[in-house]
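Structure record follows, encoded as structure tokens.
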Amino acid sequence: MSWVESVSPSFRARFEERDADEADRVLDQLERARERLARHFARVPGELTVVVHDSSLALSLAQPYLPLARMVTAPAGRRYLAGWFGANELHVLAPRLLEARASGVAGSRELLLLTPSAMYASVVVGANNPELPPPFTLASFMRYLRWAWLAQGAAQYFAGQVEHLRPAIARRLREGAQPSFPPGVRDAALLGGTVFDLLACEEGEAAAARLAGRLHPDGPEAALTKAFGERAVAHTARTWHAHLARLGGSA
């Protein structure tokens, strides 16, 4: 099959001919995501190309950082790493493949179908936070992993994925040790967005956008202390664990 292209006001899609209808779904989702993100961030890049892949292998070959990110992510979160991003391109699986990737758990399908929005939100976070990719280099990728809870969590929250994570959070709390605060790199793909969800509940979405926009030079604890109104991190950690329990308990 040959590659074809389609355009929307802010994006261009490249895809296999049989995925034309699905590419239109992706473009529509991205336009709506850009409109939402523009309410919170000063820079919302346009003129990006989204490449809609027809296999997981093709996606991984096109974006070699993605398999590396999956390697350091806990198994429960790997399923949801179904796309990647760069300065000028987004790479995602076709929606039919995202649906096929979903587990039988409630919310898994909806979460995966928001992958294009999450990848675009990652670009927006990077455009507003110069210390985070894109562009990807070895140094920026290592920084991305060190701050994975912030980078992945901000994208997850602003893409609207957190509400679909409740069953997966419940499973994580049942099957593993208590997660650290902020979540480590293995938990970031699953729990990172809940940090922003809690912050938005307590301090508003503007505070969530401010946290996403800068890596505190003194590290994550200093960033979280400042974001949560100078509250001690130990106190916020207890509040976050209670927040996780509520989210998981409502699954």
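The values are calculated or read from the model by the stated rules, or taken from the named source; none is laboratory data. Because the structure is predicted, anything quoted here is derived from the model rather than measured. Cβ sites come from the backbone with ideal geometry, for glycine too, and all protein chains shown count toward neighbours. The protein model used for the area step is the full one, side chains on, heavy atoms only, and it has no ligands, DNA or RNA in it. Shrake-Rupley method; radii C 1.70, N 1.55, O 1.52, S 1.80 Å.
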statement: Cβ-Cβ cut-off under 12 Å around Val72, Lys and Arg +1, Asp and Glu -1: the net charge is +3
In Å², nearest 10: area of His216 left accessible to a 1.4 Å probe: 40
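Using only C-alpha atoms and all pairs of different ones, pull out the Kirkwood radius for the range 88-136 in Å with one decimal.
Details: mean 1/r = 0.0837 Å⁻¹.
About 11.9 Å, per the Kirkwood formula over Cα pairs.
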message: Tell me the net charge near His241. Cut-off is 15 Å between Cβ atoms, His241 excluded, with +1 for each Lys or Arg and -1 for each Asp or Glu.
response: +2
- prompt: If the chain between Ala206 and His241 were fully stretched, how many nm would it gain, using 0.36 nm times the residue separation less the Cα-Cα distance?
  reply: 10.4 nm
query: Only one of the listed values, (i) 48, 40, 39; (ii) 45, 36, 36; (iii) 56, 38, 31, was derived from the coordinates as Cα extents along the principal axes in Å; which label is it?
result: (iii)
field: Those GluC sites (Glu not before Pro) in the range 145-247 that DSSP places in a loop and that have at most 13 other beta carbons within 10 Å
entry: Glu230
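For Pro95, what charge total do you get from the other residues with a beta carbon under 12 Å from its beta carbon, if Lys and Arg give +1 and Asp and Glu give -1? Don't jump to the answer; show the numbers that get you there.
Values: positive: Arg25, Arg96, Arg101, Arg109; negative: Asp19, Asp21, Glu22, Asp24, Asp28, Asp54, Glu99, Glu110.
With Lys, Arg at +1 and Asp, Glu at -1, the net is -4.
How large, in percent, is the carbon and sulfur part of the accessible surface of the range 127-251 at a probe radius of 1.4 Å? Show your work: numbers first, answer last.
Numbers: 2780 of 5360 Å².
Accessible surface attributable to carbon and sulfur in the range 127-251 totals 52 percent.
Assuming a viscosity of 0.890 mPa s and a temperature of 25 °C, what translational diffusion coefficient in µm² per second does Stokes-Einstein assign to the range 118-251, Rh being the Kirkwood radius over Cα pairs?
Calculated translational D: 167 µm²/s.
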message: Could you report the range 78-134's accessible area per residue, 1.4 Å probe, as an integer in Å²?
response: 31
query: Quick one: of the DSSP bridges fully inside the chain, what percent are antiparallel, nearest 5?
result: 45
query: What is the spin-label model distance, in nm, from Asp28 to Leu68 if the labels are put 7 Å beyond Cα along the C-beta direction?
result: 3.7
query: Where in the range 49-90 is the amide nitrogen less than 16 Å from a point lying 7 Å along the Cα-to-Cβ axis of Ser140?
result: 49, 63-66, 84-90
